[in-house]
1. Output the number of residues of segment 264-283 satisfying the condition of being free of Cβ contacts under 8 Å to residues at least 60 places away in the same chain and over 19 Å from the mean Cα position of the chain (by Cα).
2. Tell me which residues, restricted to segment 357-373, are in a loop (DSSP other than H, G, I, E, B) and touching a helix residue (DSSP H, G or I) at 6+ places or on another chain (Cβ under 6 Å).
3. Against the conditions (1) open to solvent by 50 Å² or more (accessible area, probe 1.4 Å); (2) within 25 Å of Gly67 (Cα to Cα); (3) not aromatic (Phe, Trp, Tyr), where does Ala362 fall short? Just the number, please.
4. What residue, among those in segment 314-373 that are without any contact (Cβ under 8 Å) to a residue 12 or more places away in the chain and among the charged types (D, E, K, R), is nearest to Ala74 (Cα to Cα)?
5. Got a number for residues in segment 233-258 being closer than 18 Å to Val62 by Cα and either outside any helix (DSSP H, G or I) or under 16 Å from the mean Cα position of the chain (by Cα) (or both)?
6. What number of residues within segment 125-135 are under 17 Å from Val157 (Cα atoms) and of a type outside the set (Phe, Trp, Tyr)?
7. With the condition kept exactly as written, say whether any residue in segment 282-293 is within 23 Å of Arg107 (Cα to Cα), touching an Asp or Glu at 6+ places or on another chain (Cβ under 8 Å) and at pLDDT 95 or above.
8. Is there a residue being within 25 Å of Arg308 (Cβ to Cβ), in contact (Cβ under 8 Å) with a residue 60 or more places away in the chain and assigned to a strand (DSSP E or B) anywhere in segment 64-77?
Amino acid sequence: AGGAGGAGAGGAGGAGAGGAGAGAGGAGAGAGAGAGAAAAPISAPRTEVLPPEWGQRKDLVVGLGTGISPENLAVFCGSLRAVSPSAALVLYLDSPLPELHRRIVERYDVTALEFSVSLIEPAFLRKYHPSNYRWPLIHRYLKDHANAYRRVVLADVRDTMFQADPFERFDRGFFAFHGVESRTIGQCGWNGGWVQDCFGRTVLQQVQSEAIICSGVSMGSTDEVLAYLGEMQRTMETKEFATCERNGVDQGVHNVLVHTKRIPNLKVFSQSNGWVANLQAQRARIHGGQVFNRQDELVAVVHQYDRRRDLQSAYFDTFVFWPRKTDGELCAGYTVEEGVDLFKGRCDLTVTGSQGTGECCAKCTATPGCKAF
């Protein structure tokens, strides 16, 4: 069994007589192997992989795409293939795989591990948010196939885009990257709360003055990544952890592992000198549709691109290969007001995930009684 996930939120303008809205996206995980493979029973025997020489091993990008939109999936897979055509790409995707998702998988040579959350063991993991249960499951996958891979990129699938080959930026070690840099762990209610609730006040005091490290994108050589995943698995796969588990808390675990030096050969990069840009941090420089760090170096990985609607729109235009209506077409007949809340929290529409205003307009149009959002 295996799986992975990620979650995040992105803003969207309001529509109707005016308004504002926001979309959130999630991810999940599962079991199986091979492009379009059916989910295997938890008790299925594991296949031994013979260890080739280091130089003959492949690089691996692995992540989760449960509940992912086809647009986000196309950006992730298409952008990776544009810069790293030979890397293995393994994604946990919902079973049965929707037809459009299957076309993306086939187009970009993705090994799709189709899964059902009901197969996850131990059973209490099934109640976890996908952003948390992904780590024990990815650990199982890599443990079983470690000898096949040389280097590994762990990435949120929903909101990550590749501008350059990340495997050209590192060799041996484990590499982590700052998230928001305007506050420390202790100054952030989210990150500080995750650490305190899962590790206690004493551990929070140990790390509260440290930088926030984003759990959405990490990478390294296989041994180091496997050691990291083992720490995540041992922390999360306990009934004690289940009492503090909620969306996002995996980043609290990630930060404790980083700042208590429990990851071998660790190197941490900031938004100034790293090759992963976290757009939530609002530190990246953007020129001509490309993203650079503070030293004006082109980053290899753009994370949380949904924070910049201009970039998201450009990425969709580049990698979505099927006919798709524009926001203007979808919102014909609506009056759109950006950046204001004309309804003071009252809303005709419940949306759990959205690419932007156009998708919200389409959902409102299809919802009986919806006049505005």
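The values are calculated or read from the model by the stated rules, or taken from the named source; none is laboratory data. Being a predicted model, the structure only gives us computed values, none of them experimental. When we count neighbours, we look across all protein chains shown, and the Cβ atoms used for this are built from the backbone with ideal geometry, even at glycine. Just so you know, the surface numbers come from the protein's heavy atoms only, side chains and all, with ligands and any DNA or RNA stripped out. Shrake-Rupley method; radii C 1.70, N 1.55, O 1.52, S 1.80 Å.
1. Matching residues across segment 264-283 total 2.
2. Once the filter is applied, which keeps residues that are in a loop (DSSP other than H, G, I, E, B) and touching a helix residue (DSSP H, G or I) at 6+ places or on another chain (Cβ under 6 Å), segment 357-373 yields Cys370, Phe373.
3. (1)
4. Asp317
5. Qualifying residue count, segment 233-258: 3.
6. 5
7. No, segment 282-293 contains no residue that is within 23 Å of Arg107 (Cα to Cα), touching an Asp or Glu at 6+ places or on another chain (Cβ under 8 Å) and at pLDDT 95 or above.
8. Within segment 64-77, one or more residues are within 25 Å of Arg308 (Cβ to Cβ), in contact (Cβ under 8 Å) with a residue 60 or more places away in the chain and assigned to a strand (DSSP E or B).
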